[in-house]
Amino acid sequence: MISNFSFPTRMVFGPGSLYQLPALIKEQGAKNVLLITDSGLVQAGMADRVLNTLKGHVETICFDGVEPNPTEACMEAATDALRSNQCDLVIGLGGGSAIDTAKAACFRLNHTGPLAPYEIQVDGHLQITNDVPPLIAIPTTSGTGSEVGRSAVITNKEEGRKVVIYSPKLLPIAALCDPELTTSLPPHITAATGMDALTHNLEAYISTTFHPICGAIALGGIRLVAENLERAVKSGADIEARGNMMLASSMGAISFQKDLGVAHALAHPLSTLADVPHGLANAIVLPHTMTFNKSVAASGLKDVAQALGCDTDNKTDDESADLAVAFVHDLLARVDIPNRLSLVGITQDLIPALAQQAIADANHRSNPRPCTETDMVDLYQAAF
């Protein structure tokens, strides 16, 4: 079997790396830059840190209209700012929502019409053929790994679902990963985004797609989360833990070139139909999907258990898989994440609609155990 491997994003990593930004922009010869971020980062002074770093180097316009789970309207507004200001480079500053909006604006500038033909499940990357402005991603959370990903997730409010636009053209030209930008992140957001990174790495590792390079990266990302998430949550100024979580986040997005699984299929409807933050949704359903997959993926879950630091000596694959599940349950408790859907506002009457959307989500297609809509209902019930 022939497979193609790649993970090409340039990363500039380390405390203080923000100050490399002017040099990165100079390399591109950009004259007008659009900074895409959200109002919270403006109020927190984070956007000003970037703007001050660029002062005297390049003209920079700030678009701060990014919303959680960005919609098509948000994408169009960012694109209008990009077009009307004739910007030739984009900076995405923030978590996954901001960086995804930046990617989507770069895509949208020269690709019009409905989003459906561009979606990942219909090989939409083949339709993304026009020029896309260069993008520099500056993450301020450690979870989505969007800074090294080639996808943008946009919410279609009319249909109540998430649209995934995918193309190598959406890869940022550079990811500027400065852990100092994450030290003020509140504990609950640190915890939820960190569990998102764990879910990416773990689901990628046990997915059915063959990509041994990304598989090895995924195990490394799992190990970093196990060793550093609790430290980052309980001691936000721990720059080593923050840096390692930032690496785990990027490694998760690199590894899910190997695709994801049923946890993401379950999590996406929880965000679109019930506004549960994506990382939190993944965190709650993850251990239940691991149990669901154990019958066909116990060997892979044993590798996961070892990466998590569990003692698997003289344990069977099934016993080791149970250790991995128990570790994740315990980690949720240690970082104070709600462990039931009922604790985040989900009601029983919503489960049929959630399951209907989950089975339509492409992520479960690479799950090690095939899924039916009944399985989706059962998994939501197990996590309820």
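Please treat every number below as a calculation from the coordinates, not as lab data. Because the structure is predicted, anything quoted here is derived from the model rather than measured. So basically every Cβ, Gly included, is an ideal-geometry build from the backbone, and we count neighbours across all protein chains shown.
Amide hydrogen proximity for GLY65: with H placed 1.01 Å from N in the peptide plane, the residues at 5 or more positions away or on another chain lying under 5 Å are THR37. Distances between placed amide hydrogens fall under 5 Å for ILE91 paired with LEU34, LEU35, ILE36, ILE136, all partners being 5 or more residues away or on another chain. What translational diffusion coefficient, to the nearest whole µm²/s, does segment 187-383 have by Stokes-Einstein, given a Kirkwood radius computed over alpha-carbon pairs, a temperature of 20 °C and 1.002 mPa s viscosity? The calculation lands on 131 µm²/s.
When the Cα gyration tensor is reduced to axis lengths a ≥ b ≥ c, the ratio a/c is 1.5 or higher for segment 240-321, and with a/b not above b/c it is classed as oblate. With a ≥ b ≥ c taken as the square roots of the eigenvalues of the C-alpha gyration tensor of the chain, please select rounded if a/c is under 1.5 and otherwise prolate if a/b is larger than b/c or oblate if it is not? In terms of gyration-tensor shape, prolate. Spacing of the modelled spin labels on ASP88 and TYR19, each 7 Å from Cα toward Cβ, amounts to 2.8 nm.
Normalised by residue number, the volume inside the convex hull of the Cα atoms of segment 11-182 is 102 Å³ per residue. First measure r as the distance between the Cβ atoms of ASP123 and GLN348, then evaluate 1/(1 + (r/R0)^6) with R0 = 30 Å and state the FRET efficiency to the nearest 0.05. In this case the efficiency is close to 0.20.
Evaluating 6.51 cos²θ - 1.76 cosθ + 1.60 at θ = phi - 60° for every residue in segment 43-55, the Karplus couplings come out as 5, 7, x, 5, 5, 4, 4, 5, 4, 5, 5, 8, 4 Hz, glycine and proline recorded as x.
Taking each DSSP H run with n ≥ 4 as -39500 (n - 2.57) and averaging over every residue of the chain yields -16000 deg cm²/dmol at 222 nm. When only Cα pairs below 8 angstrom with a gap of at least 6 residues are kept, segment 231-364 shows a relative contact order of 30 percent.
Taking the chain as a Gaussian network of alpha-carbon nodes connected by springs under 10 Å, the highest mean-square fluctuation of the residues HIS188, HIS278, HIS364 belongs to HIS188. Divide the volume of the convex hull around the Cα atoms of segment 326-384 by the residue count and you get 99 Å³ per residue.
Here SER235 and ASN339 are evaluated by their C-beta separation; at R0 = 22 Å the FRET efficiency comes out at 0.45. For the chain, the relative contact order comes to 15 percent (Cα pairs under 8 Å, sequence separation of at least 6). Spin-label pair ALA360-GLN28: with each label point 7 Å from Cα along the Cα-Cβ axis, the two points sit 3.5 nm from one another. On the beta carbon distance between THR372 and GLU319, with R0 = 25 Å, the FRET formula returns roughly 0.35. Taking springs between alpha-carbon atoms closer than 10 angstrom, which of ILE138, ILE254, ILE337 fluctuates most in the Gaussian network model of the chain? So, out of ILE138, ILE254, ILE337, the one fluctuating most is ILE337.
So what is the relative contact order of segment 11-182, in percent, for Cα pairs below 8 Å that sit 6 or more residues apart? About 27 percent, as a whole number.
Candidate cross-link partners of LYS315 among the lysines, defined by an alpha-carbon separation under 20 Å and a same-chain spacing of 8 or more, comprise LYS294, LYS302. Sorting the segments 261-272, 21-32, 149-160 by their residues' average number of neighbouring beta-carbon atoms within 10 angstrom, most packed first, yields 261-272, 149-160, 21-32. Which of LEU171, LEU219, LEU41 moves the most in a Gaussian network model of the chain with Cα springs under 10 Å? So, out of LEU171, LEU219, LEU41, the one fluctuating most is LEU41. Classify segment 286-341: rounded, prolate or oblate, from the alpha-carbon gyration tensor (a ≥ b ≥ c, eigenvalue square roots; a/c under 1.5 rounded; otherwise prolate if a/b is larger than b/c)? Here segment 286-341 falls in the oblate category.
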